[in-house]
Amino acid sequence: MFQASELNLRNKRTESLYRTLFLVMTLLLILPVLLIMGTLIMKGASAISWEFLFGYPKDGMTAGGIFPALVGTIWLVSVALLVSVPLGVAAAIYLNEYAGENWFTRIINLAIINLAGVPSIVHALFGVGAFVIFFGFGTSILAASLTLAIMTLPVVIVSTRESLRAVPMAFREACWNMGATRWQTIRRVVLPNAVPGILTGVILEVSRTTGETAPIMFTGAAFFLPFLPESVFDQTMALSLHLFVVSTQVPNVPDNLPYGVALVLIGMVLLMNSLSIALRMYLRGKKKW
Amino acid sequence: MVSAATAVMGGNGTESAAPKIAVRDVTIRYGGTPALSGVSLDVREHEVFGIIGPANAGKTSFLKALNRMDMFTDGMKVEGSIEFNGRPIDRLRNVYALRSRIGVVFPLPVGLPLTIYENVALAPRLGGMRNKAELDDIVERCLIRAALWDEVKDRLNSLGSLLSGGQQQRLTIARALSQQPDVLMLDEFSIAVDPVTTMRIEDVLKELKHELTIILVTNLVQQAQRLADRTAFFLEGECVEVGKTSDLFEGRVQDSRTGDYIEGKFG
């Protein structure tokens, strides 16, 4: 009665074949991550020291530390976040909570998708034209951060929109039926439940902004500066550009230095990611439906 | 909140002769075809007004029209006139005050993802109340009236959305009551609730009837028979008839379709 037919056996073989195939594909994903991290740690760990993290570059950038670049990257990313998060979240709230589905919102959506597809070097040139020259900010942190902010705006808008959309419609209706306005509903019920999702978008933005080189190259990041920026109108060094410089532009750099810079760069991104993930998990645990 | 709302509604609800809600020749459309057409009826103060009828009769659309939720519903158009306390609601400048005078309970309980306390305190807070003692008082009173206090008084700070279905439905009733409404509208509240809880909620409604006006949409004809003073029968977008519940259920109907539906011959 339960004897396997030829067909059953064949199905079983195919089943295990596909299962193995998909497993191998999944494991292949981990491989590049392991290789990158492994190479960086093996070749770059020897460069990391207290002096490397908190010292200034010396001897034509062939020795010394990366402190100005580290601080500069933090400046650039923070100012970019200050601009893009409020702007992106507000736009997403308007699109998802206020605007209906019409030609106007369709055009805006198209614009967002196109903005996301613009290569970063084009953003850089736009930044030079708009912020450095037209608005007269010069090559400064402000110009570079604004360029970065515009580049990452689509990520913030799309992820915020998705997380607003995930809040059930019934919650809004219950609130409206109580006599709440749209804004009261958004503030008290919709936004608090969308925050974990919004944070995911911000994580993605931070990671991308930290690593971008092209948009800041012409707008605010400098080859070498012996001092730290004091305001958003100063130029600054940045980790990503510094990595580019020490790997290609400067002769006689010891082998482990560029790898050390890359390791710090990746470490920074990973640190910020894990902080945000922890925060998101904490917030998720508090709110449930 | 109360004073502002009363001023806007232009009455203190004492004119008992005038109907609480007067509906004249109301047609509701979504796009082209009407979901409900040509409805005229009165809801009187302090009565339980039942609305029975099968699915797609237009019952829920009717409730939405009463508190101007057409504003938030894409493509929904309401024609005809609806007066609340003698004021035409389509000309109100402050529809938010109208909505806060009408409490709504949905078919599936909607516990907002807030704590039990915050769920009930939300409406007063929206109205601008900040005083902790006053809020505490309202929360306790509303939960008691909704017959939920004894079950949740020790865990007011746990999430409302984690309560059982029947408890959540009583939570939504408490939330509706916290608006201090004149009218309570219930849309098939017992769909997701067990029979014992249903009976408890029905007892609550019998008590509330003395203080406010209740519109009860139900697809259980026996529930209308148990609770409603007067009952309207909706069928396929038409209000077939409105009559005293006892008349309808004792065979004194004007339209044979009403009798057939009540006897369970269809629907």
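Please list log₁₀ I(q)/I(0) at q = 0.05, 0.07 Å⁻¹ for the protein assembly as shown, using the Debye equation with identical point scatterers on the alpha-carbon positions.
Calculated log10 I(q)/I(0) at the listed q: -0.35, -0.62.
Excluding B:GLU79 itself, calculate the net charge of residues whose Cβ lies under 12 Å from the Cβ of B:GLU79, where each Lys or Arg counts +1 and each Asp or Glu counts -1.
Local net charge: 0.
Taking chain B as a Gaussian network, where each spring joins two C-alpha atoms under 10 Å apart, which residue of B:LYS20, B:LYS59, B:LYS244 fluctuates the most?
In the Gaussian network model the winner is B:LYS244.
Nothing charged except the Cβ atoms of Lys and Arg (+1) and of Asp and Glu (-1): what's the magnitude of the dipole of the protein assembly as shown about its Cα centre? Round to the nearest 20 debye.
560 debye
Rounded to the nearest 0.05, what FRET efficiency is calculated for B:LYS132 and A:SER247 with R0 set to 45 Å and r the Cβ-Cβ distance?
Working: r = 61 Å, r/R0 = 1.36.
Result of the calculation: an efficiency of 0.15.
Beta carbons within 10 angstrom, averaged per residue: use that to sort the peptides A:150-160, B:219-229, highest first.
Highest-to-lowest ranking by the protection proxy: A:150-160, B:219-229.
In percent, how large is the relative contact order of chain A, given Cα pairs closer than 8 Å and 6 or more residues apart? Intermediate values should be presented prior to the final figure.
Values: 353 pairs, mean separation 80.0, N = 289.
Taking the mean separation of contacting Cα pairs over the length of chain A, I get 28 percent.
Pop out the Kirkwood hydrodynamic radius of chain B from its pairwise C-alpha distances, inverse of mean 1/r, in Å to one decimal.
This gives a value of 19.0 Å.
Could you give me the ³J(HN,Hα) list for segment A:186-203, computed from phi with Karplus coefficients 6.51, -1.76, 1.60 and θ = phi - 60°, whole Hz, x at Gly and Pro?
Result, rounded to whole Hz: 5, 5, 8, 10, 6, 4, x, 8, 9, 4, x, x, 4, 4, 4, x, 5, 4.
How much net charge surrounds B:LEU98 when only the other residues with a Cβ under 15 Å from the Cβ of B:LEU98 are counted, with Lys and Arg +1 and Asp and Glu -1? Kindly include the intermediate steps, with their values, before the conclusion.
Working: positive: B:LYS20, B:LYS64, B:ARG68, B:ARG87, B:ARG91, B:ARG93, B:ARG99, B:ARG101; negative: B:ASP70, B:GLU83, B:ASP90, B:ASP182.
Within the 15 Å Cβ shell, the charges total +4.
Rounded, prolate or oblate, given the Cα gyration tensor of segment A:1-53, with a/c below 1.5 counting as rounded?
Prolate, since a/c reaches 1.5 and a/b exceeds b/c.
Can you run the Rg to Rh ratio on segment A:109-186? Use alpha carbon positions and the Kirkwood inverse-distance Rh.
1.22
Can you give the % of DSSP beta bridges in segment B:2-262 that are antiparallel, to the nearest 5?
55 percent
Output the pairs from B:LYS20/B:LYS209; B:LYS20/B:LYS64; B:LYS59/B:LYS206; B:LYS132/B:LYS153; B:LYS132/B:LYS209 with a Cα-Cα distance over 19 Å in this structure; if there are none, say none. Present the calculation step by step, with values, prior to reporting the outcome.
Values: B:LYS20/B:LYS209 14 Å; B:LYS20/B:LYS64 17 Å; B:LYS59/B:LYS206 22 Å; B:LYS132/B:LYS153 17 Å; B:LYS132/B:LYS209 29 Å.
Those over the limit are B:LYS59/B:LYS206; B:LYS132/B:LYS209.
log₁₀ I(q)/I(0) of chain A at q = 0.10, 0.11, 0.12 Å⁻¹, via Debye over equal Cα point scatterers, no solvent, to two decimals?
The computed values of log10 I(q)/I(0) come out as -0.70, -0.80, -0.90.
What value, in deg cm²/dmol to 500, does the helix sum -39500 (n - 2.57) over DSSP H runs of n ≥ 4 give at 222 nm once divided by the residues of chain A?
Roughly -22500 deg cm²/dmol at 222 nm, from the helical runs in chain A.
When the expected Rg is taken as 2.2 N^0.38 Å, what fraction or multiple of it is the alpha-carbon Rg of segment A:67-237?
1.18
Out of A:VAL24, A:CYS175, B:PHE234, whose Cα points farthest toward the positive end of the dipole of the protein assembly as shown (charges: +1 Lys, Arg; -1 Asp, Glu; placed on Cβ)?
Projecting each Cα onto the dipole axis, the largest value belongs to A:VAL24.
Pick from A:THR20, A:THR213, A:THR73: which is most flexible by mean-square fluctuation in a GNM of chain A where alpha carbon atoms under 10 Å apart are linked?
Evaluated over chain A, the most mobile residue of the options is A:THR20.
For segment A:1-148, what class follows from the C-alpha gyration tensor (a ≥ b ≥ c being the square roots of its eigenvalues): rounded when a/c is under 1.5, otherwise prolate if a/b is larger than b/c, else oblate?
Since a/c reaches 1.5 but b/c is at least a/b, the shape of segment A:1-148 is classed as oblate.
I need the GluC sites (Glu not before Pro) found in segment B:205-236, filtered to DSSP loop residues with at most 13 other beta carbons within 10 Å of theirs. Mind dumping the intermediate values first?
On the way: sites: B:GLU207, B:GLU211, B:GLU236; in loops: B:GLU211, B:GLU236.
Listed in order of number, the matching sites amount to none.
As I understand it, the value is the acute angle between the Cα axis of helix B:132-145 and the longest principal axis of the Cα atoms of chain B; what does it come to in degrees, rounded to 10?
40 degrees
Viscosity 0.692 mPa s, temperature 37 °C: Stokes-Einstein D of segment B:128-267 from its Kirkwood Cα radius, in µm² per second? Intermediate results must be reported in sequence, preceding the final value.
Numbers: Rh = 16.8 Å.
This corresponds to a translational diffusion coefficient of 195 µm²/s.
Where is the GNM fluctuation largest for chain A (alpha-carbon springs, 10 angstrom cutoff): A:LYS12, A:LYS43, A:LYS58?
A:LYS12
No value in this document is a laboratory result; all are computed from the given coordinates. Quick caveat, the model's predicted, so the values are computed rather than measured. Neighbour counts run over all protein chains shown; Cβ positions are idealised from the backbone, glycine included.
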